[in-house]
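Quick notes on the structure that follows.
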Amino acid sequence: GFLIRRVADQDSQRGSGRYALQRGWLMATEEDVRAIALSLPGTTEGQWYQTSGYKVAGKGFLRLRTEAEEGGLVVFVSDLGEKEALMTSNPEAFFTTSHYDGYPVVLVNLEKVDHDELRELITESWLIKAPAKLRRQFEAQ
């Protein structure tokens, strides 16, 4: 169970970056995650906990959780109250595991969020981990 469904040509191993249509609305894809993350200043792509991840100034802020059956995109949120609010607002999209109990981290089911919501979540996670100089540069844009 990896939760990300990529849209790809039959001959292609990689997603095309197009949206996959499910139940009448556009869901986010792994390619969307990559494009949004790499659009943020100072972001690097690489392995983090043996999975695809993204760091800013050496600090991990986002990773695709593939080591467990539940999968999900790991994002940081401002506090435990926001984590609880997200999970309550849409339990199909936002969840956690016992490993993340007590931490301001939420897991995101990409099949249940749209592109705009994904951009907001990734940007917030980046803002939490980015150094002040990069946050100021980003906010000045």
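The values are calculated or read from the model by the stated rules, or taken from the named source; none is laboratory data. Note that this is a predicted model, so its numbers are computed, not measured. Note that we place each Cβ from the backbone using ideal geometry, even for glycine, and neighbour counts take in every protein chain shown. In case anyone asks, the SASA skips ligands and DNA or RNA and just uses the protein heavy atoms, side chains included. Shrake-Rupley method; radii C 1.70, N 1.55, O 1.52, S 1.80 Å.
For the stretch 29-101, which chymotrypsin sites (Phe, Trp or Tyr not before Pro) pass both filters: DSSP loop (anything but H, G, I, E, B) and at most 15 other C-beta atoms within 10 Å?
TYR49
Mind listing the long-range amide H neighbours of VAL77? Cut-off is under 5 Å, sequence gap 5 or more, other chains count too, H placed in the peptide plane at 1.01 Å from N.
For VAL77, whose amide H was placed from the backbone, the distant partners under 5 Å are VAL105, VAL106.
Which ³J(HN,Hα) values, rounded to whole Hz and listed in residue order, are derived for the stretch 36-53 from phi using the Karplus coefficients 6.51, -1.76 and 1.60 in 6.51 cos²θ - 1.76 cosθ + 1.60 with θ = phi - 60°, glycine and proline given as x?
Values, residue by residue: 5, 4, 6, 7, 8, x, x, 7, 10, 10, x, 7, 9, 6, 6, 9, 5, x Hz.
Give, in whole angstrom and from largest to smallest, the semi-axes √(5λ) of the equivalent ellipsoid of the stretch 27-136, with λ running over the eigenvalues of the Cα gyration tensor. Don't skip to the answer; put the middle values down first.
Details: eigenvalues 79, 47, 40 Å².
Values for the stretch 27-136, descending: 20, 15, 14 Å.
Any chance you could look up the accessible area of THR96 with a 1.4 Å probe, heavy atoms only, rounded to 10 Å²?
Approximately 40 Å² for this residue.
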